[in-house]
Structures are given as structure tokens and as C-alpha cells.
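S.K.: Got a structure here, written out as C-alpha cells. Questions coming.
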Amino acid sequence: MKKEPKISSLIDKAIFDYKILEPGDKILIGASGGKDSTALIKYFSDRVKRPDCGFAYKAINIQSDFSNPFPQKILELFKEWQVPFESIDVNILERVKEGHKMNCYWCSTQRRSQLLTYAIENGYNKIALGHHLDDLLETLLMNMLNKGELSTMIPLLKYKKYPVTIIRPMIYIPEELIIKEAKSQGYYGYTCTCDYQENSERKKSKKLLQDLTGGEWLKKERLFASLKNIQPDYLP
């Protein structure tokens, strides 16, 4: 039976394959308190201790006016891991435009905007997000079914208007591997529980991905590989 790779090894591979890190980088990591961002922060807290580090990082939490307090257990782990951390209070509800209602997409957009503003004002050139392989494939399915386009999240996204790049170092990692790691390290179970969640399309795509792959890692890898193995002669 093939030995299951470590999360750190898969992140190392993604960083190498896509040249995600460069000497002198200042990286801002979005910290939600959930398993995905916590796993990513753990990786950076370990990697920064390597002799060939060459970068600086900081974890930042965007605390909205309606979200639960950042989990104390995660704060304790950050202290143990020596993670530089800051939490910023943002009133997201007051930003909702008249005639519209709060939803997950709007909240996510505002948090991302706040991260971008903080990065620019404080000299960070990259923002690291905890999106993993399942996130990428679910987004692919949503865009195909709802927008009629072949697109998804990418590991390295350079903004055209801003001196900041979005990086997603966990794109090779299936969600089940992160869940195993989170449970073994004691940070599983913390997630958003606000009253504005409307993730119906994301939930549908998650179920569809499960139906397509049976939860098999290899099949998810093949779906991902197909995005880089385009056969234009067999496409309309």
C-alpha cells in the first residue's frame, strides 16, 4: 500500500512546482480558525525555522461584527508554534449595499478586501489562503455548471492593479488528509457558524465531487491533472 504523504511534503511540492515562494517574500496568511488555514499556518511556522527560509510571514484574522470569537484553542496552538498573529475587527454588515442581503460570498469578498488592504499598507507582497484540492475541484464544477466556463482557483494569482499575489500552497492536498491532520493535532471542529450561510451551490458541488470520485484521492488528482492536459483537437 502506498504510503500517505505528509501535508508538509505536498505543500513543498506545490511551492516547487509553481514557484510560489521567493527570497524576500513577506507573506500574510488568512487565519479563520478553521482546519484549512490552521494547517497552512502550521506549515509556515515550521518552514520559517529552516536555515534556507528566506521569507517572513504573519497570520491575520478578520473578525467580523457577527462571527464568533477566534477559537482559544487555536490561539494557544499559535503561541506554542510561535506564530506572529493579529486580529482585526471589521464591520461587514454595514458594508452591505441597500437592497442586498448578507451572504457567504459577500462576507468572503469583504474579508479578502481587508486582507488586501492590510497587505498593501504593511508591505506584504503575498497573501496565502488555505484552499485545498477539493476546493479547487468544487469551484471547477460550479463554474462549469453555473457559468458555462472552464475555470477554477489557481495556485499563483498576481493582481494586475495591486502589488500583491494570492498564493494557494495547499492545492495538492485533499480535504480528508487535512481532516486527519487536524484531528491528530487537536484543531479540528472549528468553523463558521453564522446565521448568514447560504452555501447551497458549494454544497451541491461538494456532493457532486464525492459522487464523481467516490472520495478517492487518485480520481481527484486525475481531475486536477486534466486541467493541465488539454487536447484542443478534441474540443469544440
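S.K.: Hey, any hits in region 157-177 for a residue that's among the hydrophobic types (A, V, I, L, M, F, W, C), open to solvent by less than 70 Å² (accessible area, probe 1.4 Å), in contact with a strand residue (DSSP E or B) (Cβ under 8 Å, 6 or more places away or on another chain) and part of a loop (DSSP other than H, G, I, E, B)?
M.R.: Scanning region 157-177 turns up at least one residue that is among the hydrophobic types (A, V, I, L, M, F, W, C), open to solvent by less than 70 Å² (accessible area, probe 1.4 Å), in contact with a strand residue (DSSP E or B) (Cβ under 8 Å, 6 or more places away or on another chain) and part of a loop (DSSP other than H, G, I, E, B).
S.K.: Please determine, by comparing only the residues of region 190-236 that are among the basic types (Lys, Arg) and open to solvent by 100 Å² or more (accessible area, probe 1.4 Å), which one is modelled with the highest pLDDT.
M.R.: Arg222
S.K.: Condition test on Ile60, is it modelled with pLDDT of 95 or more, part of a strand (DSSP E or B) and either crowded, with 17+ Cβ neighbours inside 10 Å or small (Gly, Ala, Ser) (or both)?
M.R.: yes
S.K.: From Asp46, Asp36, grab the single residue that is at pLDDT 95 or above, touching a Leu at 6+ places or on another chain (Cβ under 9 Å) and of a type in the set (D, E, K, R). Talk me through it step by step, then tell me what you get.
M.R.: Numbers: Asp46 fails: touching a Leu at 6+ places or on another chain (Cβ under 9 Å).
On inspection, the qualifying residue turns out to be Asp36.
S.K.: Here's something else I'd like to know. Right, Leu209: farther than 21 Å from Gly33 by Cα and not in a strand (DSSP E or B) or not?
M.R.: yes
The values are calculated or read from the model by the stated rules, or taken from the named source; none is laboratory data. For clarity, every value in this text was computed on a predicted model and none was experimentally measured. As a convention, Cβ positions derive from the backbone with ideal geometry for all residues, glycine included, and neighbour counts pool all protein chains shown. Only protein heavy atoms, including side chains, enter the accessible area calculation; ligands, DNA and RNA are left aside. Shrake-Rupley method; radii C 1.70, N 1.55, O 1.52, S 1.80 Å.
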